[in-house]
Amino acid sequence: MEHLNVEIKAKCNNPQTIRNYLQLNNAKFAGTDRQTDTYFNVSAGRLKLREGNIENNLIFYNRNNQPGPKCSFFRLLPVADPDNYKKIMKDAMGIKTVVIKTREIYYIGNVKFHIDEVENLGSFIEIEAGNLLAPKTKTELEEQCNFYLQQFGIRAEDLFSESYSDLLTGKQATG
């Protein structure tokens with residue numbers, strides 16, 4: 001089943017400020033996940049295998065590269081044996097790049113927050129307002145993202161349009 005997220009990614013100059021806001025606003029802390037995202041060569045969209053201590057999923061998604069809130073349509077498949085799955089996918093498709101990060105995961109309602117420390121890139125905040133946990137329209141999800149952009153004081157120049165994989169491979173690395 002395909003799901004909709006409206007999401008933003010921004011440089012995070014002060015992760016503690018974001019943590020403090022989330023704690024003061026009763027965000028549910030889901031934990032810290034050390035994640036390895038292996039991106040595979042595909043002809044359309046993005047396909048990655050996420051391996052972590054909290055999440056182990058195959059994730060396919062389509063998202064336009066644009067600054068600010070953007071729609072992402074995604075599908076998840078839980079993977080019980082990520083090592084074997086990665087070997088099969090590597091042999092079948094080849095690996096595009098690997099993203100390694102430490103991710104703190106928080107929730108306020110249907111909005112998921114990631115405070116990421118990405119190897120070779122730095123600190124980021126991601127906000128994902130999704131309809132997976134609650135039925136919301138695209139407009140409502142965009143409004144939620146914009147609300148948190150304002151609450152966190154995220155400036156336009158801090159926003160990224162690209163995925164971590166694009167930033168690491170040097171595609172359109174601006175922001």
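The values are calculated or read from the model by the stated rules, or taken from the named source; none is laboratory data. Quick caveat: nothing in here was measured; it's all calculated off a predicted structure. Backbone-built Cβ (ideal geometry, glycine too); neighbour counts: all protein chains shown.
General remarks:
- Residues of the stretch 77-97 satisfying the condition of being surrounded by 15 or more Cβ atoms within 10 Å (Cβ to Cβ), in contact (Cβ under 8 Å) with a residue 40 or more places away in the chain and aliphatic (A, V, I, L, M): Met89
- The stretch 121-175, subset under 23 Å from Ala27 (Cβ atoms), of a type in the set (A, V, I, L, M) and not in a helix (DSSP H, G or I), residue modelled with the lowest pLDDT: Leu133
- When restricted to residues that are acidic (Asp, Glu) and modelled with pLDDT of 95 or more, the stretch 1-42 contains 2.
- Total residues in the stretch 1-21 satisfying the condition of being surrounded by fewer than 20 Cβ atoms within 10 Å (Cβ to Cβ) and assigned to a helix (DSSP H, G or I): the figure is 6.
- Qualifying residue in the stretch 86-103 (condition: of a type outside the set (Ser, Thr, Tyr) and under 22 Å from Asn25 (Cβ atoms)): yes
- Of the strands (runs of 3 or more DSSP E) lying entirely inside the stretch 22-69, the ones with 3 or more residues being crowded, with 19+ Cβ neighbours inside 10 Å are found at 28-40, 46-51.
- Evaluated against (1) under 22 Å from Ile154 (Cβ atoms); (2) touching a residue at least 24 places away in the same chain (Cβ under 8 Å), Gly31 falls short on exactly one condition, (1).
- Looking across the stretch 87-144, the residues that are touching a helix residue (DSSP H, G or I) at 6+ places or on another chain (Cβ under 8 Å), basic (Lys, Arg) and closer than 19 Å to Phe40 by Cβ come down to Lys96, Lys101.
- Subset tally (residues that are more than 17 Å from Asp33 (Cα to Cα) and surrounded by fewer than 20 Cβ atoms within 10 Å (Cβ to Cβ)) for the stretch 98-120: 4
- The requirement of being assigned to a strand (DSSP E or B) and in contact with a Cys (Cβ under 7 Å, 6 or more places away or on another chain) is fulfilled somewhere in the stretch 105-115, by at least one residue.
- Considered as a group, the residues in the stretch 1-36 that are in contact with an Asp or Glu (Cβ under 8 Å, 6 or more places away or on another chain) and among the charged types (D, E, K, R) include one that is nearest to Gln151 (Cα to Cα), and that residue is Arg19.
- Test: Ser123 is surrounded by fewer than 18 Cβ atoms within 10 Å (Cβ to Cβ) and farther than 22 Å from Phe60 by Cα: yes
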